[in-house]
Amino acid sequence: MLLFKATYCQFNSPLIMRFIFVLIAMFSVNGLTGQTISGVINQYSKVSGQSSCQNSLIVSNPEYFSIEEDVIIIQMQGAVIDEADNNSFGVVSNYNGAGSYEKGIIINIEDDTIFFKNNFENTYDFTGKVQMVTFPNYQNVTITGVVTALPWDGEVGGVCAFQVLETLTMDAEINVDGLGFRGGEKMEVSGNSCSWLFESSSYFYPNTSNESTSKGEGISALIKSKEFGKGAQANGGGGGNDHNSGGGGGANYGSGGIGGRNNDPGLFNCQGVHPGIGGKSIDYTSTRAVLGGGGGAGHGNNGLSTGGANGGGIVIISGGYLEGSNKSITSNGLNANTTTGGDGAGGGGAGGSVILNIITYGVDLSISTQGGSGGDSYNEAYTRCFGPGGGGAGGLIHGYNNFSSVTTNVLGGTPGVVTGSTSGCNGSTNSATAGGAGNTLTNLSIPFGKGAPDCLTVGGREVGLAGLKVYPNPSNSFFTIENQKSRSQIIELIDSKGALIKVFEITNTLKIGETLVPGVYFIRLKNHKSVQHKKLIKL
């Protein structure tokens, strides 16, 4: 970018003034004002595995991607947890790639298989919901309407990611509130199944049970026949147990809050002393990006409970300078709803993750990954104390530089309270607790694969080199390359693993490869529209 600085020089020459005017006009045409964006700017595809090449991914929607395009590869779930029916349930024993992410650059696409410039930095478990997200790259860009993401649907979504080489101007916000892991679904049991004598104290139940309700979603997928119960599923909040207790809050950097109890006066009345446990905090000693955990649902048997709230999504931005008139980036967990009568309330969603590889921030930027509030319980003027929901935890804000000029909010969400009760518990949380605070981290470096690719394939989509003629091929001595363009061209000679051997400038005719050992090689030609390869076979 050129910078014009006023001096005491006097430009009296009309020719000089005209020259300056032409320069300014030229740079305006070439994009100093930049592009504008709003809405959902990414495409998302499920990743099902790899081919025989380690630098490849098999995707559901290859049509979303192009050669030389940048992408984000990210594993959403897959963590292994303790499944014992005790207070260790839900503790992560192996992250197994959950939360791992990196940038990749596409070098070729063959049917549903995409090949990358480098081998991957991370190891991914493709049963853990790996997705590939486009990573648009802008010179200068202005946000004119709210930029957001598709909500996480159990396979893809929840991520907003883009790059800006120079200046990001925010005239509207980036908002992925509630687009993360989903809260436990409101599930109502039929009738009054509780027992005043026997407590429902287990950490998990099947989803057909009357003794509990839905857990919130997290980095460990829900386990068959253990979908209900107070135990927190990694960073997803636990569901309230029978009878009418509140759900636990979702977690991220902080832990989720515990749901509130249900107290019913009378010796033979049902109690709800096993509310949902708050989600487990995420270990960020390794570089990760995680969706905010969903809150657990409150237990209900009268159709009056509320489900857990969704967690916040993920924002990944790489750029030079951030400025604008309305600079807010939010990835908050949602608040759980208040019950409409005598049942348990859901837990709040956890804040998500905001990843900012930004060199310089302007003033007045605010970033929030706050946890959502637990739901209140409305008691219909009874002497009961139905269980409120626990608060969702605060999320992560991770940046390249410190945030001294930025307003950050990583607070945990507040617990719900008892409302409408004639008992002394009215206005209290009845043991529900707030979500733990999140954190801000610095020294961010977005992971990017290193080293030569495992293999380079051009296969079914191979195209001839425009303007170049290569012969003989195969050859037992050298290859002759004729340039059929009126201008010189730059070509690269690479080996079968994609390692660069030599760069050539060809004007007319060039002979190469006489000293190459027998094997397969490629010559690569780049222009502003595409990358083209031609396979060479040395006998």
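The values are calculated or read from the model by the stated rules, or taken from the named source; none is laboratory data. Not measured: the values here are computed from a predicted model. With ideal geometry, Cβ positions are generated from the backbone for all residues, glycine too; neighbour counts draw on all protein chains shown. Only protein heavy atoms, including side chains, enter the accessible area calculation; ligands, DNA and RNA are left aside. Shrake-Rupley method; radii C 1.70, N 1.55, O 1.52, S 1.80 Å.
Taking the accessible area of the stretch 161-204, probe 1.4 Å, and keeping the other protein chains in place, the carbon and sulfur fraction comes to 49%. Net charge around Ser214, counting only other residues with Cβ within less than 9 Å of its Cβ (Lys, Arg = +1; Asp, Glu = -1)? Charge balance near Ser214 sits at 0.
Of all aspartates and glutamates in the structure, those lying under 13 Å Cα to Cα from Lys226, and not within fewer than 8 positions of it along the same chain, are Asp82, Glu83, Asp85, Glu211, Glu217.
Gly236 sits among other residues whose Cβ lies under 13 Å from its own Cβ, and their net charge, with Lys and Arg +1 and Asp and Glu -1, is +2.
Put simply, the amide H of Gly319, placed in the peptide plane, has neighbours under 5 Å in Val164, Asn357, Ile358, Ile359, leaving out anything fewer than 5 places away on its chain. Per-residue SASA remark: Glu227, around 40 Å² accessible (1.4 Å probe; ligands, DNA and RNA not included).
Note on Lys327: lysines with a C-alpha under 28 Å away, same-chain residues under 8 apart excluded, are Lys5, Lys103.
The share of accessible area on the stretch 236-342 that comes from carbon and sulfur is 46 percent, using a 1.4 angstrom probe. Projected label points at Glu505 and Ser195, each 7 Å from Cα along the beta carbon direction, are separated by 8.7 nanometres. For Lys534, the lysines whose Cα falls under 21 Å of its own Cα, not counting residues fewer than eight places away in the same chain, are Lys117, Lys469, Lys485, Lys497, Lys502, Lys511, Lys526. Taking every DSSP helix (H) stretch of at least 4 residues in the chain, weighting each as -39,500 (n - 2.57) and dividing the sum by the residue count yields a mean residue ellipticity at 222 nm of -1000 deg cm²/dmol. For the stretch 211-316, applying the loop criterion from DSSP together with a ceiling of 12 other beta carbons within 10 Å to the chymotrypsin sites (Phe, Trp or Tyr not before Pro) yields Phe268. Listed peptides 108-117, 142-151 appear in the order 108-117, 142-151 once ranked by packing, highest mean of other Cβ atoms within 10 Å at the front.
Computed over neighbours whose Cβ is under 14 Å from that of Asp171, the net charge equals -2, Lys and Arg +1, Asp and Glu -1.
Rounded to the nearest 10 degrees, the angle from helix 14-29 to the longest Cα principal axis of the chain is 50 degrees.
Protection proxy ranking, highest mean first, for peptides 317-323, 199-205: 199-205, 317-323, where packing is the per-residue count of other beta-carbon atoms within 10 Å, averaged.
In the list (i) 0.98; (ii) 1.02; (iii) 1.13, the label attached to Rg/Rh (Cα atoms, Kirkwood Rh) as derived from the coordinates here is (iii). A simple spin-label model places pseudo-atoms 7 Å from Cα toward Cβ; at Asn401 and Thr144 they are separated by 2.8 nm.
Distances between placed amide hydrogens fall under 5 Å for Thr287 paired with no residue 5 or more residues away or on another chain. Remark: the stretch 518-523, residue by residue, has Karplus-estimated 3J(HN,Hα) of x, x, 9, 9, 9, 10 Hz, where x stands for each Gly or Pro and the curve is 6.51 cos²θ - 1.76 cosθ + 1.60 at θ = phi - 60°. The modelled label-to-label distance between Asp495 and Asp364, using points 7 Å beyond Cα along the C-beta direction, is 5.7 nm. Length available on full extension from Gln43 to Asn94: 0.36 nm per residue minus the Cα-Cα distance, which gives 15.4 nm. Ranked by the mean number of other Cβ atoms within 10 Å of their residues, highest first, the peptides 425-432, 90-97 fall in the order 425-432, 90-97.
Based on protein heavy atoms only, the chain ends up with 42 Å² per residue of surface accessible to a 1.4 Å probe.
For Phe448, the residues whose amide H sits under 5 Å from its own are Lys103, ignoring neighbours fewer than 5 places away on the same chain, with H placed 1.01 Å from N.
The trypsin sites (Lys or Arg not before Pro) of the stretch 162-270 that meet both conditions, a loop assignment by DSSP and at most 14 other Cβ atoms within 10 Å of the site Cβ, are Lys224.
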